[in-house]
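The values are calculated or read from the model by the stated rules, or taken from the named source; none is laboratory data. This is a predicted model, so every value here is computed, not measured. Cβ sites come from the backbone with ideal geometry, for glycine too, and all protein chains shown count toward neighbours.
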Amino acid sequence: NAPIVTLVGRTNVGKSTLFNKLVGKRKAITEDVNGVTRDRVYDKVEWTGHEFILADTGGLDISNKDIMNQEVKSQVEKALFESDLILFVVDGREGINPHDSDIANEIRKYNKKVIIVANKIDRGKIPDHLYDFYKFGFDDLIAISAEGSKNLGDLLDKIISFI
Ligand code: GDP
Ligand code: MG
């Protein structure tokens, strides 16, 4: 059975864009509607002779109590439970968002390996505030641009080294 790698993070950080780039298809819905990825979306990724299943999830906005978000949340919980590796996607252009801290606390409960993926680093040098994300205490961190296809090879190498 191929290992399962799951994308989690708050809405609009670029999870679905990254999913589509890594699977090489436009399968996930990337409209700018918060929480639009309600069901889990899966596809197979092959890289340097290794194979894994990539799962996209809706935004995990723990503070939001409305019914749709509860549904999204329980889908995300199922996805986290069955994951071999979690890709915790954050907006690398911003510092730590309070929702990121909530999500970090949620993810930690599952005791899985976690790579923080700081997305939207489209150009220029890595901003200093990116290192703040290390305080969450997860296994690794990488800066990428999903839209600009930057550093995706390094991300894939990292994923393979963790599964
Ligand atoms: P999700 O809610 O986490 O699935 O985020 P989406 O993949 O739907 O993307 C949210 C928005 O961020 C869209 O407008 C994307 O075009 C944009 N986006 C995604 N990746 C990048 C990136 O690497 N750089 C920039 N500048 N924008 C991005
Ligand atoms: Mg999405």
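Of note:
- Number of positions in segment 112-144 that are outside any loop (DSSP other than H, G, I, E, B), over 20 Å from Leu85 (Cα atoms) and within 16 Å of the chain's Cα centre (by Cα): 1
- For segment 140-163, the set of residues classified as surrounded by 14 or more Cβ atoms within 10 Å (Cβ to Cβ) and on the phi > 0 side of the Ramachandran plot consists of Asn151 only.
- Any hit, segment 72-84, residues being in a loop (DSSP other than H, G, I, E, B), more than 16 Å from ligand 2 (Cβ to nearest atom) and modelled with pLDDT of 95 or more: yes
- Restricting segment 42-63 to residues that are crowded, with 20+ Cβ neighbours inside 10 Å, closer than 20 Å to Leu155 by Cα and within 16 Å of ligand 1 (Cβ to nearest atom), the residue that is modelled with the highest pLDDT: Leu54
- Residue within segment 124-139 that is out of contact with any Asp or Glu (no Cβ under 9 Å at 6 or more places or on another chain), under 30 Å from Asn1 (Cα atoms) and surrounded by 19 or more Cβ atoms within 10 Å (Cβ to Cβ) present: no
- Considering the conditions (1) at pLDDT below 70; (2) of a type in the set (Asp, Glu); (3) under 24 Å from Lys150 (Cβ atoms), Asp66 is excluded by exactly one of them, (3).
- Note on segment 104-143: residues that are of a type in the set (Val, Ile, Thr) and either without any contact (Cβ under 8 Å) to a residue 24 or more places away in the chain or over 18 Å from Ile163 (Cβ atoms) (or both) total 2.
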